[in-house]
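Chemist: So that we are looking at the same thing, I have put the structure below in structure tokens.
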């Protein structure tokens, strides 16, 4: 049997495993990238991938 524990860190896998219960219990919700976000979700985006990453790091207090 193949060890698949590393897959939990894959963005696509995390997105697929986020359940409705988990999302509804979150106090702060973010969407990374895109032109708009649904109501109640903070959009972290920039003009390009570097500006988007800067927005993410800034929201985490890393910069």
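Chemist: What is the extension gain from residue 35 to residue 60, computed as 0.36 nm multiplied by their sequence separation minus the C-alpha to C-alpha distance, in nm to one decimal?
Modeler: Between residue 35 and residue 60, full extension yields 6.9 nm more.
Chemist: Based on the mean of other beta carbon atoms within 10 Å per residue, what is the order of 48-55, 32-39, most packed first?
Modeler: Top to bottom by mean Cβ count within 10 Å: 48-55, 32-39.
Chemist: Once you have the Cα-Cα distance between residue 22 and residue 49, take 0.36 nm times their residue separation minus that, and quote the gain in nm to one decimal.
Modeler: 7.0 nm
Each value in this text was obtained by applying a stated rule to the coordinates, not by laboratory testing. Please read all numbers here as calculations on a predicted model, not as lab measurements. We place every Cβ from the backbone using ideal geometry, glycine too, and count neighbours over all the protein chains shown.
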